[in-house]
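As structure tokens, the structure follows; a few thoughts come after it.
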Amino acid sequence: MTTSFCGLPFADPDRVPAGTVAAVVGVGHSLGSPHKGAEHGPFFLRTVSKEYTWAAESARIYDLRHGVGLFDRVVDVGDLDLAPDLTPGPAEPTLTEVLDAVRALVAALPPRVAPCVIGGDHTVTLPIVTALAERREAPFTVVQFDHHLDLQIWDGAPARPREREPIFHTNVMSHVSDVIGPGRLLQVGVSPFATVEEDSAHALPQFLRSIGRQVCVSAPEIDDAPAFREIVGQGEDIYVSVDVDVLDAADMSSTGYPATVGLSTRRLLRLIDLALTDNRLIGFDVVEFAAGREDRSPRTLADAQRAALVFVHLLGWVSRQGNAPART
């Protein structure tokens, strides 16, 4: 039986109550990655989220910073069913089938309900963003917190940016950029260095500029609040994708590629706040937490708690903004 995230009420994804502002969904798969373990992300984050409500049905989360109770009009629609009935016979579903199912689930949500997704590997971002783009007229920006670009910069791709390989966790943001359009991807916390083949290195700077903006983990804007807010802008609708490997390995070892030098959990939460203060969050995902399902080591559980904290933090933003009076 699926554990409700933070004790939120369950709802059928096809019958989300009127007035709901956000829906939590788990998408536990690692079909777009060479590493196993990300399929257990929803299990771990849901399990450790009990600490926020003492596992009591009547408990509520109160935001001490803003003086409000959280998660009014927020529901949990459970985990996407990735059982073999997605595909004929006993075989595991394909990556395409899973991503199509995610896209259909998000598309079926009422228009003003923000999808809040527990991954899974990073490929889950593409169908969510695609479904949001299809149901919206206004453009939006994707803010990606990640240690890696997840852009296709191999096989001459910077010089021929439209030659896409099939989606994988290492090129997912190239596919996302195709959906949201040029200049609408902000990548935060990425490594200062990227490897590119010599014959296309000359095209990389223009390629990255066409994608949007990259703010490396060592960039001065990481520690300069006004400068970072200027980069993000204001009055925007924003989708946030957090790959937990953006965190320093000391804070997050339960992921496929821990960062030798990454953000602290506190810095990540602060940057999320700066990005959203004058903008509207329309959905988010937290992806790439990875561990064996039976792993109960203190380090893994602490990593899961930090990943859940990031999810709660973002969910608090959706809740507050969705329940705030409309701007005039």
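The values are calculated or read from the model by the stated rules, or taken from the named source; none is laboratory data. As the structure is a prediction and not an experimental result, all values here were calculated from the model. Note that we place each Cβ from the backbone using ideal geometry, even for glycine, and neighbour counts take in every protein chain shown. These area figures cover heavy atoms from the full protein model, side chains too; ligands, DNA and RNA do not enter into them. Shrake-Rupley method; radii C 1.70, N 1.55, O 1.52, S 1.80 Å.
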task: Go through (1) open to solvent by less than 40 Å² (accessible area, probe 1.4 Å); (2) out of contact with any Pro (no Cβ under 7 Å at 6 or more places or on another chain); (3) within 30 Å of residue 169 (Cβ to Cβ) one by one and return the number of the condition residue 63 breaks.
output: (3)
message: With the requirement that a residue be part of a loop (DSSP other than H, G, I, E, B) and open to solvent by 10 Å² or more (accessible area, probe 1.4 Å), what does the stretch 23-39 give you?
response: 28, 31, 33, 34, 35, 36
- line: Here the qualifying pairs (Cβ atoms under 6 Å; residues six or more apart or on different chains; first in the stretch 18-36 and more than 11 Å from residue 109 (Cα to Cα); second open to solvent by 20 Å² or more (accessible area, probe 1.4 Å) and part of a loop (DSSP other than H, G, I, E, B)) come out as 19/73; 27/80; 29/82; 30/36; 32/168; 35/256
query: Pairs, please: C-beta under 7 Å, at least 6 apart or cross-chain, first residue farther than 21 Å from residue 217 by Cβ and charged (D, E, K, R) and in the stretch 134-161, second open to solvent by 10 Å² or more (accessible area, probe 1.4 Å) and at pLDDT 95 or above?
result: 134/107; 135/107
task: Can you work out which of the residues in the stretch 138-157 that are more than 15 Å from residue 238 (Cβ to Cβ) and open to solvent by 10 Å² or more (accessible area, probe 1.4 Å) is modelled with the lowest pLDDT?
output: 155
Residue list for the stretch 275-284, restricted to those being surrounded by 18 or more Cβ atoms within 10 Å (Cβ to Cβ) and out of contact with any Cys (no Cβ under 8 Å at 6 or more places or on another chain): 275, 276, 279, 281, 282
query: Scanning for something farther than 28 Å from residue 248 by Cβ and of a type in the set (Phe, Trp, Tyr), does the stretch 138-157 turn up at least one residue?
result: yes
statement: Of the residues in the stretch 1-21, those that are surrounded by 12 or more Cβ atoms within 10 Å (Cβ to Cβ), more than 18 Å from residue 53 (Cβ to Cβ) and not hydrophobic (A, V, I, L, M, F, W, C) number 4
query: What number of residues within the stretch 9-47 satisfy the criterion of being of a type outside the set (Lys, Arg) and over 24 Å from residue 121 (Cβ atoms)?
result: 11
- request: Considering every residue within the stretch 249-264, establish whether at least one is acidic (Asp, Glu), within 19 Å of the chain's Cα centre (by Cα), open to solvent by less than 10 Å² (accessible area, probe 1.4 Å) and more than 22 Å from residue 181 (Cα to Cα).
  value: no
- request: Return the total of residues in the stretch 187-223 being in a strand (DSSP E or B) and within 16 Å of residue 122 (Cβ to Cβ).
  value: 4
task: Restrict the check to the stretch 161-176 and report whether at least one residue is open to solvent by less than 20 Å² (accessible area, probe 1.4 Å), touching a His at 6+ places or on another chain (Cβ under 6 Å) and modelled with pLDDT of 95 or more.
output: yes
message: Scan the stretch 292-313 and tell me whether some residue there is under 21 Å from residue 141 (Cβ atoms), surrounded by fewer than 22 Cβ atoms within 10 Å (Cβ to Cβ) and touching a residue at least 24 places away in the same chain (Cβ under 8 Å).
response: yes
message: Against the conditions (1) hydrophobic (A, V, I, L, M, F, W, C); (2) closer than 19 Å to residue 305 by Cα; (3) in contact (Cβ under 8 Å) with a residue 60 or more places away in the chain, where does residue 75 fall short? Just the number, please.
response: (2)
Scope the stretch 2-17; condition in a loop (DSSP other than H, G, I, E, B) and either touching a residue at least 12 places away in the same chain (Cβ under 8 Å) or closer than 12 Å to residue 81 by Cα (or both); matching residues: 2, 3, 4, 8, 9, 11, 12, 13, 14, 16, 17
message: So residue 110 passes all but one of these: (1) closer than 28 Å to residue 35 by Cβ; (2) not in a strand (DSSP E or B). Which condition number does it fail?
response: (1)
task: Return the only residue of 196, 179, 215, 172 being in contact (Cβ under 8 Å) with a residue 60 or more places away in the chain and among the aliphatic types (A, V, I, L, M).
output: 172
